[in-house]
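The values are calculated or read from the model by the stated rules, or taken from the named source; none is laboratory data. This is a predicted model, so every value here is computed, not measured. Note that each Cβ is placed from the backbone with ideal geometry, even for glycine, and that neighbours are counted across all protein chains shown. The area values use the complete protein model at the heavy-atom level, side chains included, leaving out ligands, DNA and RNA. Shrake-Rupley method; radii C 1.70, N 1.55, O 1.52, S 1.80 Å.
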Amino acid sequence: MRKCVIFDLDGTLTRSEEGIWNSVKYAAEKLGFPEPDAQTLRRFIGPPLGYSFREYMGMDDAMAEKAVETYRERYNVVGLFENRVFPGIRRLLRTLKQEGWYIAVATGKPQRTSERVIAHFGLDRFFEKICGPEFGHHADKTELIRRALPDDWDAQADEVWMVGDRKFDVEGAIGVGVKSIGVGYGYGSEEELREAGCTAYCAAVQDVIDLLCPGAQPPQGAFLSIEGLDGSGKGTQLRLLTDVIDRFGFELQLSREPGGCAISEKLREIILDKNNAEMDDVTEALLYAASRAQHVRQVIRPAVAAGRVLLCDRFVDSSVAYQGGGRQLGVQRVLEINAPAVDGTMPMATIYLDVDHETSMARRAAATELDRLELAGDSFHARTEAGYRELIRQDPERFIVVDATRAPEEIGGEIAEKVIRRLMEAE
Ligand code: TMP
């Protein structure tokens, strides 16, 4: 039996209010209306735009038409990308694909806009069809669901589900004669969905996975790391990247080295303690490796196996650069020390924030009190930088090297684009 699932878009796959609200506000301002309050804005999600401008903002027909035009001026350029894929949706789609489901979209959003949003988030490869109305037209959900189904679908022979967050989705499914799942994380309430007669109600994305693909193995997640000299701006870039990864619906888990779990955080305290001035370089390298061994097994591998994107602030490259280069233990020796700790677990991609050691130290000294490693001399940092350069030379495919001397937003933009591309390629 063929298994088919049709998804609604807004409120089911993506959370689109940010772009809608910003564009409503834009239209109101341009046409000289007061800024709509939060409650008014919320009512704009769902009904046709012209209707909302008339009903909720008291416009006459001519003005409402103008408002829709003005809204589109902004929405079609930036608004449609001010959107987020719900967490877990990528995992749901990957699991369905893995299990051989036919997947399509039936949405009230204009077809062209829907295709652009879906392509922007790299979700197009999951869908056999994307069905929405033509611009300026309203299409009945029943009709859209019918169009989204395989041309030769058969109500008797195929298992078919419609997944949506509003009663219109459930009513559409009933119109076609297929089963429906009402999802509770979107814009409709449980009461609305149950009243409309949904076959099943799922409060969370995970419940949809459990219902449609019981017992399925979660698809593999990904392991990413970020590296750079102290003061290269890792903190800021991690914050910016977190938001982008999240927006695309990848389930992000942040971690750091040394640290990331209780035992490794205790080791971190020992390693970075300024009072441990007598620590031997070999001891230091072994402690980093010990902390890594625990972190790999307790945090990194389980996160990737559960389908999450584990983004780690530093990994084994730091040991090679700092202990191998900076402390002059040698690249080979440090790799040997780390072999049982890493045990084949390496990042799929590593972001390297490229600033030279003079710039990075000047930034650090200006910012905070220095820890034990940062107190090491200038030549230490020069050798660490050289260590990183050697690693990048040896493994240019894995490293995403970005010029980190520019404005943070500019650096963040480049990292986001490159990291998202890699994550999508790995899906
Ligand atoms: P952080 O300040 O980025 O958290 O890193 C702590 C310090 O530890 C930093 O100076 C780099 C250093 N370090 C190593 O020397 N070797 C390693 O393996 C790791 C992970 C960090």
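About the Cα centre of region 1-57, how large is the charge dipole given +1 on each Lys and Arg Cβ and -1 on each Asp and Glu Cβ? Please answer in debye to the nearest 20.
Roughly 300 debye for region 1-57.
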Handout entry: Net charge, Val176 excluded, C-beta distance under 13 Å - Lys, Arg +1, Asp, Glu -1
Key = -2
Practice task
State, to one decimal in nm, how far the label point of Ala62 lies from the label point of Gln217, with both points 7 Å from Cα in the Cβ direction.
Solution key: 6.6
Practice task
Please build a GNM for the chain, connecting alpha carbons under 10 Å apart, and tell me which residue among Thr70, Thr107, Thr384 fluctuates the most.
Solution key: Thr70
Problem - Charge context of Phe315, other residues only, Cβ under 15 angstrom, K/R +1, D/E -1 - result: +2
Exercise for the section: Hey, can you grab everything whose amide H is under 5 Å from the amide H of Arg15? Only 5+ residues off in sequence or another chain; H modelled, so Pro and N-termini drop out. Expected result: Arg84, Val85, Phe86
Problem - Net dipole in debye of region 63-138 [+1 Lys, Arg Cβ; -1 Asp, Glu Cβ; about Cα centre; nearest 20] - result: 320
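Rounded to the nearest 20 Debye, what is the dipole magnitude of the chain about its Cα centre when Lys and Arg each give +1 and Asp and Glu each give -1 at the C-beta?
440
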Handout entry: Nearest-10 value in Å² for the accessible area of Arg43, using the 1.4 Å probe
Key = 120
Exercise for the section: For region 79-179, just the Cα atoms, rotate onto the principal axes and tell me the three extents in Å, largest first. Expected result: 40, 35, 23
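Put Asp378, Asp207 in order of accessible area, largest first, 1.4 Å probe: what do you get?
Values: Asp378 90, Asp207 60 Å².
I get Asp378, Asp207, largest accessible area first.
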Problem - Under-5 Å amide H pairs with Gln253, H placed in peptide plane, nonlocal only - result: Val309, Leu310, Leu311
Completion exercise
Charge dipole of region 134-292 built from unit charges on the beta carbon (Lys, Arg +1; Asp, Glu -1), centred at mean Cα; most positive-end Cα among Ile174, Gln253, Leu144 is Gln253
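Note the full-extension length gain between Asn276 and Arg301 as 0.36 nm times their separation in residues minus their Cα-Cα distance, in nm to one decimal.
In short, 5.9 nm is gained.
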Handout entry: Solvent exposure of region 227-379 as accessible area per residue, Å², 1.4 Å probe
Key = 42
Practice task
Considering only DSSP beta bridges where both residues belong to the chain, give the percentage that are antiparallel (nearest 5).
Solution key: 5
Handout entry: Formal net charge of residues neighbouring Lys30 (Cβ-Cβ distance under 13 Å; K, R +1; D, E -1)
Key = 0
Fill in the blank from the handout: For the pair Ala119 and Glu417, the simple spin-label estimate (label points 7 Å beyond Cα toward Cβ) gives in nm 1.7
Exercise for the section: Take the chain, connect every pair of alpha-carbon atoms lying under 10 Å apart with a spring to form a Gaussian network, then pick out the residue of Ile392, Ile145, Ile89 with the largest mean-square fluctuation. Expected result: Ile392
Practice task
Can you tell me the equivalent ellipsoid semi-axes for the chain? Use √(5λ) from the Cα gyration tensor, largest first, whole Å.
Solution key: 49, 26, 17
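Beyond 19 Å between alpha-carbons counts as too far, so tell me which of Lys97/Lys129; Lys25/Lys167; Lys109/Lys179 fall in that bin.
The answer is Lys25/Lys167; Lys109/Lys179.
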Exercise for the section: Mind pulling the angle between the C-alpha long axis of helix 167-176 and the longest principal axis of the chain? Nearest 10 degrees, somewhere in 0 to 90. Expected result: 60
Exercise for the section: Apply 1/(1 + (r/R0)^6) to the Cβ-Cβ distance of Glu390 and Ala367, taking R0 = 30 Å, and write down the FRET efficiency to the nearest 0.05. Expected result: 0.65
Practice task
Springs between alpha-carbon atoms under 10 Å, Gaussian network over the chain: tell me which of Ala173, Ala106, Ala290 tops the mean-square fluctuations.
Solution key: Ala290
Problem - lysines whose Cα lies under 19 Å from that of Lys266, excluding same-chain neighbours fewer than 8 positions away - result: Lys274
Problem - Projected-area mean, region 35-136, by convex hull of Cα positions, square nanometres - result: 7.3
Handout entry: Portion, in percent, of the accessible area of the chain that falls on carbon or sulfur, probe 1.4 Å
Key = 50
Practice task
Quick one: which residues, 5 or more positions from Lys129 or on another chain, have an amide H under 5 Å from its amide H? H modelled 1.01 Å from N in the peptide plane, none for Pro or chain starts.
Solution key: Val105
Practice task
Only helical DSSP H runs with n ≥ 4 go in: add -39500 (n - 2.57) per run for the chain, normalise by residue count and round the 222 nm mean residue ellipticity to 500 deg cm²/dmol.
Solution key: -14500 deg cm²/dmol
Handout entry: ³J(HN,Hα), Karplus 6.51/-1.76/1.60, whole Hz, each residue of region 196-202, x for Gly, Pro
Key = 6, x, 5, 5, 9, 10, 10
Handout entry: Glu265 versus Leu286: modelled label distance in nm, points set 7 Å from Cα along the beta carbon direction
Key = 2.6
Problem - Eligible lysines near Lys418 by straight Cα distance, threshold 20 Å, same-chain separation 8 or greater - result: Lys234
Fill in the blank from the handout: Scalar couplings 3J(HN,Hα) for region 218-235 by Karplus 6.51 cos²θ - 1.76 cosθ + 1.60 (θ = phi - 60°), nearest whole Hz, x for Gly and Pro, are x, x, 4, x, 8, 10, 10, 9, 10, 9, x, 5, 4, x, 7, x, 4, x
Completion exercise
So, for the Cα atoms of region 164-285, Rg and Dmax in Å stand at 23.9, 77
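Considering all projection directions equally, how large on average is the shadow of the alpha-carbon convex hull of region 222-336, in square nanometres? Working shown, then result.
Values: hull surface 29.7 nm².
Mean projected area of the Cα convex hull: 7.4 nm².
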